[in-house]
Structure formats: structure tokens, C-alpha cells
Amino acid sequence: IKTIGVLTSGGDAPGMNAAVRAVVRTALSKGIKVIGIQRGYNGLLNGEVREMDLRSVSEIIHRGGTVLYTARCLEFVTAEGQKKGAEKCKELGIDAMVVIGGDGSFKGARALANLGIPCIGIPGTIDNDIACSEYTIGYDTAMNTAVEMIDKLRDTTQSHDRCSVVEVMGRNAGYIALNVGIATGALAILIPERPYDLDHDIISRMNQTQKTGKKHFIVIVAEGVGHAQELANEIQARTGIDSRATVLGHVQRGGSPTLRDRVTASQMGYHAVNLLEKGIYNRVVAVSADKIVDYDINVALSMHKTIDTMMLDVANTISI
Ligand code: F6P
């Protein structure tokens, strides 16, 4: 491997810059040239590329977003787009690719791999919904941002004896919601992985808790469950408690990455380039039992992960 391409794809995540930096600097330390591809697979198809040197990744470890920009590329979902991408790699002299993103991005990487371009995937998404990895870059920062926002909401919720229904991101997964719910002492946490019963999981818990003197409430709804405003209306109608809905939205995707995101991203970027240097191709880098590991890309894409039900028990027991 003489030249590698690196891109970020899908939703940006804090820590992606640290991963790009690690890929660039590890590769350069081994005499491997790095081409930075802008705006994900779009940039590959359009030849939006630049050569990366040591200083091209200076001053980015602490910055959110991605200096390579990102996009969701519809053309790359098609066989035609993928073929064009592989041809572009050859034209640009790219011998292997490092793709930082989520499952959709890895499917693109697998397609490139099948067309003869070795690829390594690095999990970068705030959602933590990559099955092969216990951790994804951006997850910690996003959760901490959500907690900070909800702590602010708590002040006003408490002052008015209200109920705040807060929608957090996570696409179809409830990892952010579950952790954030525990960390903010939410009375109820609704996640897509577990169907909920309005009466049992929210209304009766509120009534019961009111009897113990509690007057304000926080309910966390994962976006995969959605309908925060409708839920707030319903809660108000059923309990008489003044309720407000807040959708935290894209603020969760921004901001300076936490230590955990910076360090994990650095380790993953380093590991990805080491694999390529050793001739180990078509893998997804992951965290397992706190160690950096890697899986075959096909295996990684066929894996499933589940919510830790103990976390639900923790929330139900102590957030009352
Ligand atoms: O995958 C990250 C994520 O922020 C999800 O939590 C959310 O569902 C989605 O991206 C939002 O995507 P977009 O930025 O395209 O609105």
C-alpha cells in the first residue's frame, strides 16, 4: 500500500477529526501517502480530493464536525456509482480506503472492497448503533451535550413544577436515550427497542411519584420513538401537569469532542492504518471489552447488538 484515501461519510460526529488526524499521521509515519476525500463518497465521485501532510491535520483534534466535510451520497448506493467510485480510486492512485462513518458508509466500503479496493471502516456516529462495536466515535460527546442541555431544562422545569418531554437523537437506537435518561434522573425513558405503555410507564409512575412529593418530571424520548409534542400534550391532558416538549436536535452533533472520543478516535485511526500496512484488508475497527479490535466487514455488517436490560432496570428503580 503506497497511497490511502480517507473520507468521512454520513452524519458528522465529534471526534471524526481526531480519527482523520490519526489516520494521516500514522500513515505518514510509515511512508504512506494520504489523499483526503471531501464530502464523503460524493467527493470521491467528483474528484474533490487533496493530499494531506502532517500540518494539514494540525489544530483539529479539539474541533467538532469534520474538516473533510461529509455527505450522504445517494449515487453511491447504486452499483453504477460504486463502480465509478472504484474507477476513481484507481485513477487517483488510491490503493486502499479508510472510511469513517456508520453502517451505510460501511456498505459503500464493502462495495469498493468487492471491486478490488481494500477498505477499513472506522465507526463514527453519535448513535452508537454499529453492531460490531461497543463504542462509536462521537457517542460520548453527544451524550454529554444532551446531559448539559437537560440540566438547564431541569432548572426551568423544576421552577414551574412542569414535565419536560425531551427528544434525543439516536436514529433507530435508544443508546443515547437510555444513558442520558439515567444521567439526568428521568422518570421515564422511551426507546425504540422496548415498546412502552403510556399508563404503566409514565402516567401511573408520575401519579405515584407525586404522592411522595415530587412536582417536576423529565421524560426522555428517543427519536426512534418520536412524537415528543404529542406525548407532552397527552401527559398534560391525563395528569393536569403543565408539560413542554423539547427536541434537542442537531445541537447534539456539535461541539468539541470529549477525551473519550478523542482517544478512541486516535486509537481507531492508528489501528486502521496498521491493518492496511500489514496487508489485512476489508475490516471494521471496533471496541470490544475496552480493547481496539477488528472484524471482517461482512461479519461486522451482519452482527446485531442489544440494549443492556440492566440499564432499564437501573432507570426504573432509582429514577422515581
Ligand atoms: O446518525 C446520526 C444522526 O444524527 C441521527 O441521530 C439522526 O437520526 C440523523 O443523523 C439525522 O440526520 P440528518 O443530519 O441528515 O438530519
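Normalising by the residue count of the chain, find the relative contact order in percent from Cα pairs under 8 Å and 6+ residues apart.
23 percent
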Could you compute the net charge surrounding I60? Neighbours are other residues with a C-beta less than 12 Å from the C-beta of I60; K and R count +1, D and E count -1.
+4
Karplus ³J(HN,Hα) for segment 188-204 (6.51 cos²θ - 1.76 cosθ + 1.60, θ = phi - 60°; Hz, whole; x = Gly/Pro) runs 9, 10, 9, 10, x, 6, 9, x, 10, 10, 3, 5, 6, 7, 10, 4, 5
For segment 187-320: relative contact order, % (alpha-carbon pairs under 8 angstrom, 6 or more apart):
24 percent
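Tally Lys/Arg at +1 and Asp/Glu at -1 over every other residue whose Cβ is under 12 Å from the Cβ of I37; what's the total?
Net charge around I37: +1.
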Any residue on another chain or 5+ positions along whose placed amide H is under 5 Å from the amide H of I32 is listed here as none
Kindly express, to the nearest 10 degrees and within the range 0 to 90, the angle between helix 309-318's C-alpha long axis and the longest C-alpha principal axis of the chain.
30 degrees
If you add up the charges near G124, with Lys and Arg at +1 and Asp and Glu at -1, over every other residue whose beta carbon is less than 12 angstrom from its beta carbon, what do you get?
-4
What is the angle, in °, between the Cα long axis of helix 79-92 and the longest principal axis of the Cα atoms in the chain? Nearest 10 is fine, range 0 to 90.
50 degrees
Would segment 48-133 count as rounded, prolate or oblate if I go by the C-alpha gyration tensor, calling it rounded below 1.5 in a/c and otherwise prolate when a/b exceeds b/c, oblate otherwise?
oblate
Shape of segment 1-149 from its Cα gyration tensor (a ≥ b ≥ c, root eigenvalues): rounded if a/c is under 1.5, otherwise prolate when a/b > b/c, or oblate?
oblate
Please figure out what share of the DSSP beta bridges in segment 1-135 is antiparallel and state it in percent, rounded to the nearest 5.
20 percent
The size of the Cβ-based charge dipole (Lys, Arg +1; Asp, Glu -1) of the chain about the Cα centre, to the nearest 20 debye, is 740 debye
Sorted by chain and number, the residues with a modelled amide H under 5 Å from that of V221, at a separation of 5 or more or across chains, are V166, E167, V168, L190
Measure nothing but the geometry: give the 0 to 90° angle between the long axis through the Cα atoms of 139-159 and the longest principal axis through the Cα atoms of the chain, rounded to 10°.
20 degrees
Defining a contact as two alpha carbons under 8 Å apart and six or more residues distant in sequence, what relative contact order in percent does segment 123-279 show?
30 percent
Using just the alpha carbons, could you tell me how many Å³ per residue the convex hull of the chain encloses?
121 Å³
Candidate aspartates and glutamates for bridging to K278, where Cα separation is under 14 Å - those fewer than 8 sequence places away on the same chain excluded
D95, D294
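Only the coordinates and a few stated rules stand behind these numbers; no lab work does. Computed from a prediction, not measured in an experiment: that's the story for all the values here. Cβ coordinates were reconstructed from backbone atoms using ideal geometry, including for glycine residues, and neighbour counts include every protein chain displayed.
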